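Input: a single structure, listed below in structure tokens.
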Amino acid sequence: MATPITARSFHEDATTSDWRVVADGACAVFRTGSFGDGVRLAQAIAAAVDDAGPHQPDLDLQAGTVTVRLITVIDEYQGLTDRDLDLARRISAVAREQGAGADVSLVQTVQITMDALVSADVMRFWAAVLGYERRADSPDEDLVDPRWRGPGIWFQDMDAPRPQRNRLHIDVWVPPELAEARVAAALAAGGTMVRDKGPTYWTLADAEGNEVDVATVTGRD
């Protein structure tokens, strides 16, 4: 059985420099010279992890890049395990053989956070309208796309209505070393700082008060 590991222990391994943990999983983006090169890299990755059984990486092939995401999803747990660490090592080795370098500036995961007075009353609606499912290890808080294409939704209970504040905001997870630059760019584009909890997260608002958290895994272990 796979053994859960923390984001810190994943990054402390010397072989994971290509990867960044964002939200619950690890992600790497490898630059390729052409779409054909990307196809060949994807095929090489598939061959290298063929013995992983149901624990397969999620690959996104585009012109110029191959994005790989690793996460363990079982009934009682969703997150990183030692199997993901092993797959990360194998995949990075394959990418080096193919001449595909990793670009951590392209790593990102988007999560939607919804404030609700009674989460149970609204989760059913959002699950139905989006075709999402309750996350197995946190069914009262999280909805996930069973196809792993759309962003996850986390429901956060409020104590009382807050009509002055937009009740829907976006969480954008980025590598820790890119977070402050992302925050600065948003502020320069007309945003305002609502809450500075860096380096774990920063809450920003647009001109109309719609909020977004720029989040990292720093300080969460």
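Brief remarks follow.
- Residue within the stretch 118-138 that is in contact with an Asp or Glu (Cβ under 8 Å, 6 or more places away or on another chain), touching a residue at least 24 places away in the same chain (Cβ under 8 Å), surrounded by 12 or more Cβ atoms within 10 Å (Cβ to Cβ) and on the phi > 0 side of the Ramachandran plot present: no
- Applying a threshold of 9 Å to beta carbon distances and a minimum spacing of six or more residues, or different chains, the list of pairs starting in the stretch 162-191 at a residue that is at pLDDT 90 or above and of a type in the set (G, A, S) and ending at one that is surrounded by 14 or more Cβ atoms within 10 Å (Cβ to Cβ) and part of a helix (DSSP H, G or I) reads G191/V183.
- Lone qualifier among D159, D115, D86 - being outside any helix (DSSP H, G or I) and surrounded by 15 or more Cβ atoms within 10 Å (Cβ to Cβ): D115
- Residue count for the stretch 18-40, restricted to those that are part of a loop (DSSP other than H, G, I, E, B) and touching a His at 6+ places or on another chain (Cβ under 9 Å): 1
- Hey, W202 part of a strand (DSSP E or B) and either assigned by TED's automatic domain parsing to the domain that holds V29 or not hydroxyl-bearing (S, T, Y) (or both) or not: yes
- If the condition is being surrounded by fewer than 16 Cβ atoms within 10 Å (Cβ to Cβ) and either in the same structural domain as E211 (by TED's automatic domain parsing) or outside any helix (DSSP H, G or I) (or both), then the stretch 93-104 contributes G99, G101, D103.
The values are calculated or read from the model by the stated rules, or taken from the named source; none is laboratory data. All values reported here derive from a predicted model rather than from experimental measurement. Counting neighbours? That spans all protein chains shown, and the Cβs are built from the backbone with ideal geometry, glycine included.
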